[in-house]
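Just below is one structure, and these are the notes that go with it.
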Protein chains: 2
Amino acid sequence: MRPPDPQPFGPGGSPLLTDLYQLTMGASYFATGKKEPATFSLFIRDPLHGKRNFYVAAGLDIALRSLCDLRFSDSEVAYLKSTDLFKNDFLTYLKNFRFSGDVVALSEGTLCFAHEPLLEVTAPIIEAQLVETLLINLIGFQTMIASKAARCVHAAKNRGVIDFGLRRAQGRDAGMLAARAAYLAGFGATSNVLAGKMWKIPISGTMAHSYVTAFENEEAAFTAFAKDFGSKSVFLIDTYDILEGARAAAKVANRMRGEGRQLLGVRLDSGNMVALSRKVRRILDGAGCHGVKIFASSGFDEFKIREALAQKAAIDAFGVGNKVTVSADEPYLNIVYKMVHYGTRSVRKNSPGKRTLAGKKQVFRQCNRDGLFARDIIGVRDETGDDARALLEPVMRKGEWVGERPDLEKSRSRFKTEFNLLPNQYKALERLPPEKRFPVAISASLAGQQ
Amino acid sequence: MRPPDPQPFGPGGSPLLTDLYQLTMGASYFATGKKEPATFSLFIRDPLHGKRNFYVAAGLDIALRSLCDLRFSDSEVAYLKSTDLFKNDFLTYLKNFRFSGDVVALSEGTLCFAHEPLLEVTAPIIEAQLVETLLINLIGFQTMIASKAARCVHAAKNRGVIDFGLRRAQGRDAGMLAARAAYLAGFGATSNVLAGKMWKIPISGTMAHSYVTAFENEEAAFTAFAKDFGSKSVFLIDTYDILEGARAAAKVANRMRGEGRQLLGVRLDSGNMVALSRKVRRILDGAGCHGVKIFASSGFDEFKIREALAQKAAIDAFGVGNKVTVSADEPYLNIVYKMVHYGTRSVRKNSPGKRTLAGKKQVFRQCNRDGLFARDIIGVRDETGDDARALLEPVMRKGEWVGERPDLEKSRSRFKTEFNLLPNQYKALERLPPEKRFPVAISASLAGQQ
């Protein structure tokens, strides 16, 4: 067993970070002696007006660490007692609570599709139920951001994409987890320094308008910055007039070149990026600054990146924030955690439009003769798919980690490899009609048990 | 000085939870000897396609605590050194860093409008700049959620609104802060147990579909739950067939009544809520269960609440999650933190469409003869408005708290009072054209200094 690392941040191990009903249901299971193992399946329901053709599994590492860390502190138990909802024997049970379940999951960076389990938990029903809220929260958010970020990287072709999202993220945790998920899906760097420290993600930054206004003029600001940061400098050129800013940048860049240093780039943050980037490119090239790159930020997402490149914007790297960091066009996933097996029977709910596939599952991925992904089959857990790879792997057994802890760089490589194997037609940014989406079938055995 | 509490959760005090450029600019200010005080203003820009007619200031308490806690740990300084971006003298400066600035701000729960400063920081430029990312993140998110939640409470008229959002929140921090911001804006309770513990918010919950499926049938599930939770029970009735579920609930409720206990309610979580709630009401009433309330969840936001009530849904309380917890129709605010004064001069940027009002400011609120809010005036800081209340109050001086720490219940009352004073026409859920929005003027003195 790998001892769990301390949570780097976030309420992490607090089992009170859950919905009240998880605890009241637990108390009722406890009182009625319900202890049989239950299996819950975490998956994304395809919403009617969904926007994604594929998803990128993310968040497993942090979710598993949270499961390892779950402990009720004395003050937490005292709080629960103060609510007058719980009996003493259940509170005593909580004092000794440890998560002791088994977990199978998709590795981080795995491409996946609606209805496929991202993770299945098998544990005594109280434990399996208690972790619902946390698992949906952590894996749902990170999968949503990784999926959104992958679309940006795809749209940017081979240009760089950098995460500038921290300030507009929904809270601090979101800013951290979004930086990690975006890097997993191919972003080149983040502006979030703590994420850089925590996960060894390359960090990147330029300067703010306030910096420029703190000096007499742009040339003075650029000169001062270059003095300290030399060839790592990126000058922000749109504080007053963007073309004047470009000329000032070129002047300082040429002076730097005289001293043997090459300005890294300039950044545009407002106005018509296509037209302006080309004008700025001409100014820079005209001044002999062919090596100075153009960074652009302000409202970019996969659609605006695609449009800018289609119109031949002279942009070398995109800084993306707002729209990507909150997945603005689809800011929550319809991700659910449903009981599919309890004791000796498969179970499901039948609420209209919310039907669940009963039983423990496995996901099989078939490739075509070129080695490209051809289709997925959702089957029963103990099926074998001769010509297919089983995607759900055991990651926790009896509450302890199985195998190596996921490594972010490895997960990032996995995603890159997987994404190259997904035929291009499934990568469309617009939502595809069902018959054109990547095919996901149900195996005969699984169908037979519904 | 009130000693800062430890951060209850979140990376809190880590000053690395910032954008890299805050640190590189800081290093450059340090190297060039720029130490004059700068004033930065935090405000919401009115986006072209904005969706809100008013905002509710929120997040100040947690933001101020973060400012108090800002310290660079040894490992953080070591990380910065490892990036090769910073010189030793600047790293030594960071080791001793404390936030020593002055802050004026709107109290939490204050109604406010676009362009009005939520907060202004005056501090040596390095310090004032460094906290930009964190302030935008914390105050932006909480203000966004409080504003969204206030709309739901308004739409629900006097029915209860409960936060069920934790699972779909964007990370753990967001789930916590959203529960707090929603309570501030009038929600009656949250399902988030940790938020309940931390901020004394009433907690509420029902049961999940998995609970119902863990029993032989609904009646058995309801009976078991009622045994433990009696008059606090809310039965979920849509696991199989909602009308059958209602009949089973009525049967158990009547048996409970025989034992002197009153079932609190039933919950609907799928289907057509208007038609179903009325059918369920008839079943309950027909069985003599007039006191059993109907809770409804699944996809509610201010628009769906309004629609349901307009169609005379028989719903007594709304559980809201997804759409409110991420503010789905506007999932980030166009909130910025701009330098408006440096040393002895007012400053601003002129980027197209992003102009800033220069100078330190105050916001004045005028009431009409009935005591209702009539208009706001953004003025210069040291103006006095004879017939108007100044909204920005000193909350931090030289890095120390001024006055009492904000109390959540007081802020909640403040919001309630303020909202009652806002004339109804400004509370519209649809975005109003500029001439119909609450009037916000610029004082002659402020205009004169642009």
Self-check item: B:LEU135 vs. criteria touching a residue at least 60 places away in the same chain (Cβ under 8 Å) and either within 12 Å of chain A (Cβ to nearest Cβ) or within 16 Å of B:GLU302 (Cβ to Cβ) (or both)
Solution: yes
Practice problem: With the checklist (1) within 13 Å of chain B (Cβ to nearest Cβ); (2) surrounded by 23 or more Cβ atoms within 10 Å (Cβ to Cβ); (3) in contact with a helix residue (DSSP H, G or I) (Cβ under 8 Å, 6 or more places away or on another chain) in hand, flag the one item A:THR110 doesn't pass. | Solution: (1)
Quiz prompt | Only one of B:ASP301, B:ASP285, B:ASP329 that is out of contact with any Gly (no Cβ under 7 Å at 6 or more places or on another chain), at negative phi, away from chain A (no Cβ under 13 Å) and of a type in the set (Asp, Glu) | solution = B:ASP285
Quiz item: Looking only at the stretch B:271-291, which residues are modelled with pLDDT under 95 and either assigned to a loop (DSSP other than H, G, I, E, B) or outside the structural domain of B:ALA310 (by TED's automatic domain parsing) (or both)?
Solution: B:GLY271, B:ASN272
Practice problem: Give the residues of the stretch A:213-251 that are in contact with a Phe, Trp or Tyr (Cβ under 8 Å, 6 or more places away or on another chain), within 21 Å of B:ARG348 (Cα to Cα) and of a type outside the set (A, V, I, L, M), sorted by residue number. | Solution: A:THR213, A:GLU218, A:PHE222, A:PHE225, A:PHE235, A:GLY245
Exercise. Answer yes if at least one residue in the stretch B:273-286 is in contact with a Cys (Cβ under 8 Å, 6 or more places away or on another chain), touching a residue at least 40 places away in the same chain (Cβ under 8 Å) and more than 30 Å from A:ALA123 (Cα to Cα), and no otherwise.
Key: no
Self-check item: Members of the stretch A:145-173 found to be within 9 Å of chain B (Cβ to nearest Cβ), more than 17 Å from A:LEU408 (Cα to Cα) and in a helix (DSSP H, G or I), listed by number
Solution: A:LEU166, A:ARG167, A:ARG168, A:ARG172, A:ASP173
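Taking the condition without any contact (Cβ under 8 Å) to a residue 40 or more places away in the chain, under 35 Å from the mean Cα position of the chain (by Cα) and over 21 Å from A:ARG412 (Cα atoms), does A:ASN96 pass?
Yes, satisfied.
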Quiz item: If you go through the stretch A:38-66 one residue at a time, how many are aliphatic (A, V, I, L, M) and within 14 Å of chain B (Cβ to nearest Cβ)?
Solution: 7
Quiz item: What residue, among those in the stretch B:48-93 that are among the aliphatic types (A, V, I, L, M) and exposed (fewer than 14 other Cβ atoms within 10 Å of the Cβ), is farthest from B:PHE415 (Cα to Cα)?
Solution: B:ALA78
Self-check item: B:VAL193 being touching a Pro at 6+ places or on another chain (Cβ under 9 Å), surrounded by 24 or more Cβ atoms within 10 Å (Cβ to Cβ) and among the aliphatic types (A, V, I, L, M)
Solution: yes
Practice problem: State yes or no: is B:ARG180 of a type in the set (Lys, Arg), more than 7 Å from chain A (Cβ to nearest Cβ) and either touching a strand residue (DSSP E or B) at 6+ places or on another chain (Cβ under 9 Å) or free of Cβ contacts under 8 Å to residues at least 60 places away in the same chain (or both)? | Solution: yes
Exercise. State whether the residues of the stretch A:252-260 include one that is assigned by TED's automatic domain parsing to the domain that holds A:PHE164 and touching a Phe, Trp or Tyr at 6+ places or on another chain (Cβ under 6 Å).
Key: yes
Exercise. Quickly run through the stretch B:204-222 and pick out the residues that are more than 8 Å from every other protein chain (Cβ to nearest Cβ) and among the aromatic types (Phe, Trp, Tyr).
Key: B:PHE215, B:PHE222
Exercise. Output the number of the condition that A:ALA78 fails; it satisfies all remaining conditions of (1) within 10 Å of chain B (Cβ to nearest Cβ); (2) more than 30 Å from B:SER233 (Cβ to Cβ).
Key: (2)
Quiz item: Among A:THR325, A:THR384, which is the only one that is under 26 Å from the mean Cα position of the chain (by Cα), hydroxyl-bearing (Ser, Thr, Tyr) and farther than 15 Å from A:VAL440 by Cβ?
Solution: A:THR325
Self-check item: Any pair with Cβ under 6 angstrom, 6 or more apart, that starts in the stretch A:191-203 at a residue that is more than 7 Å from chain B (Cβ to nearest Cβ) and ends at one that is at pLDDT below 95 and surrounded by fewer than 19 Cβ atoms within 10 Å (Cβ to Cβ)
Solution: A:MET198/A:PRO8
Quiz prompt | Leading residue by the ranking (farthest from the other protein chains (Cβ to nearest Cβ)) among those in the stretch A:235-248 that are under 23 Å from B:LYS35 (Cα atoms) and modelled with pLDDT of 95 or more | solution = A:PHE235
Exercise. Find the residue count for the stretch A:113-126, including only residues that are part of a helix (DSSP H, G or I) and buried (at least 24 other Cβ atoms within 10 Å of the Cβ).
Key: 1
Quiz item: Is one or more of the residues making up the stretch A:270-277 more than 31 Å from the chain's Cα centre (by Cα) and of a type outside the set (Val, Ile, Thr)?
Solution: yes
Self-check item: Subset of the stretch A:370-388 [of a type outside the set (D, E, K, R) and under 15 Å from A:CYS112 (Cα atoms)]
Solution: A:LEU372, A:PHE373, A:ALA374, A:ILE377, A:ILE378, A:GLY379, A:ALA388
Exercise. Examine the stretch A:165-177 for a residue that is over 22 Å from A:GLY299 (Cβ atoms), outside the structural domain of A:GLY140 (by TED's automatic domain parsing) and more than 16 Å from the chain's Cα centre (by Cα), and state whether such a residue exists.
Key: no
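The values are calculated or read from the model by the stated rules, or taken from the named source; none is laboratory data. Everything numeric here is computed off the predicted structure, so don't read it as measured data. Note: ideal-geometry Cβ built from the backbone for every residue, glycine included; neighbour counts use all protein chains shown.
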